[in-house]
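Q: Sharing a structure, written as structure tokens. Questions coming.
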Amino acid sequence: MLVNGVGGRIVEVEAYDREDPAAHSFGGQTPRNASMFGPSGRAYVYRSYGIHWCLNFVCADASAVLVRALEPTHGIDEMVARRGTSEPRLLAAGPGRLTEALGITREHDGLPLDRAPFELHAREDVEVEIGLRVGITKAAERPWRYGESGSRFLSRPIKPRRRS
């Protein structure tokens, strides 16, 4: 994923469904979450805790995928300047770091993901680890966090799921 030519390989995401109490769409449409109720394939950008922007890919029926981390590959100098660190792992590991590194703000909310400034590319098959979502209290037991196995660019390690 690139934004104005800056970005890299997405290595971690979380899923949120309309029926999910942790999803912003769960309580219905508001001015803040209106993009989630629009067409699929658009960006939903919101401010988290009044501090960080977060980027989601809108899916069908008011569901979305939060982009949590990427492995920097393009525009690294720009990411370093925006983030104030040259440590590659810290450039875009976590939703707030990712949006800061890519220069994403509320201005990107509702924009189509198949047009500039976004550029998405298909990935080859990768091994994926599945775990619990991060930083939520509602529906926290749902294993809807997905990360590239072995990636050092995850926001935090994915703990193996316990099988019952």
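The values are calculated or read from the model by the stated rules, or taken from the named source; none is laboratory data. Keep in mind that this is a model prediction, so the values were computed, not measured. Neighbour counts are summed over all protein chains in view; Cβ atoms, including those assigned to glycine, are modelled from backbone coordinates with ideal geometry. Heavy atoms of the whole protein, side chains included, go into the accessibility calculation; ligands, DNA and RNA do not. Shrake-Rupley method; radii C 1.70, N 1.55, O 1.52, S 1.80 Å.
Q: Calculate, in nm to one decimal, what residue 128 and residue 140 gain on full extension: separation in residues at 0.36 nm each, minus their alpha carbon distance. All intermediate terms of the calculation are to be shown ahead of the outcome.
A: Numbers: separation 12, 0.36 × 12 = 4.32 nm, distance 1.95 nm.
Gain on stretching residue 128 to residue 140: 2.4 nm.
Q: What percentage of the solvent-accessible surface of the chain, computed with a 1.4 Å probe over protein heavy atoms, is contributed by carbon and sulfur atoms?
A: C and S fraction of accessible area: 50 percent.
Q: Using alpha-carbon pairs under 8 Å, 6+ residues apart, how would you state the relative contact order of the stretch 45-127 in percent? Spell out each step's value before the answer.
A: Numbers: 101 pairs, mean separation 24.0, N = 83.
Taking the mean separation of contacting Cα pairs over the length of the stretch 45-127, I get 29 percent.
Q: Here's another thing I want to ask about it. Could you report the stretch 22-80's accessible area per residue, 1.4 Å probe, as an integer in Å²? Don't skip to the answer; put the middle values down first.
A: Numbers: 2710 Å² over 59 residues.
Dividing the accessible area of the stretch 22-80 by its residue count gives 46 Å².
Q: Return an integer: the convex hull volume of the alpha-carbon atoms of the stretch 9-156, in Å³ per residue. Don't skip to the answer; put the middle values down first.
A: Values: hull volume 16.8 nm³, N = 148.
That works out to 114 Å³ per residue.
Q: For the chain, what is the relative contact order in percent, using Cα pairs closer than 8 Å and at least 6 residues apart in sequence?
A: Over the chain, the number comes to 28 percent.
Q: Can you run phi through the Karplus equation (6.51, -1.76, 1.60; θ = phi - 60°) for the stretch 38-44 and list ³J(HN,Hα) in whole Hz, with x for Gly and Pro?
A: Ordered by residue, 3J(HN,Hα) equals x, x, 5, x, 10, 8, 10 Hz.
Q: Using amide H atoms built 1.01 Å from N in the peptide plane, name the residues 5+ places from residue 48, or on other chains, whose amide H lies under 5 Å from its own.
A: Excluding prolines and chain starts, which carry no amide H, the hits are 53, 54.
Q: Would you mind checking which residues have amide H under 5 Å from residue 128's amide H? H placed 1.01 Å from N; only 5 or more apart, or other chain.
A: 149
Q: If we restrict to alpha carbons, what Rg and Dmax does the stretch 49-131 come to, in Å?
A: Using the Cα atoms of the stretch 49-131, the pair Rg, Dmax is 13.5, 39 Å.
Q: Another one. Computed from the mean reciprocal separation of all distinct C-alpha pairs, what Kirkwood hydrodynamic radius does the stretch 32-80 have, in Å?
A: Across the stretch 32-80, the inverse of the average 1/r is 12.1 Å.
Q: Between the stretch 1-73 and the stretch 89-107, how many Å separate their Cα centres?
A: The two parts, judged by their Cα centres, are 13 Å apart.
Q: Further, regarding this structure: For the stretch 1-85, what is one quarter of the convex hull surface built on the Cα atoms, given in nm²?
A: It is 6.1 nm².
Q: Keeping every protein chain in place, order 159, 138 by accessible area at 1.4 Å, biggest value first, i.e. largest first.
A: Of 159, 138, the descending order of accessible area is 159, 138.
Q: For the stretch 86-137, what does the equivalent ellipsoid look like in terms of its semi-axes, each the square root of 5 times an eigenvalue of the Cα gyration tensor, given largest first in whole Å?
A: One finds semi-axes of 21, 18, 15 Å for the stretch 86-137.
Q: Shifting gears a bit: Ranked from highest to lowest mean number of other Cβ atoms within 10 Å per residue, what is the order of the peptides 27-35, 122-130, 91-99?
A: 91-99, 27-35, 122-130
Q: May I pose another question? Tabulate in residue order the Karplus-calculated ³J(HN,Hα) for the stretch 72-82, using 6.51 cos²θ - 1.76 cosθ + 1.60 with θ = phi - 60°, rounded to whole Hz; enter x for Gly and Pro.
A: Residue by residue, the stretch 72-82 yields x, 9, 10, x, 4, 4, 5, 4, 4, 4, 6 Hz.
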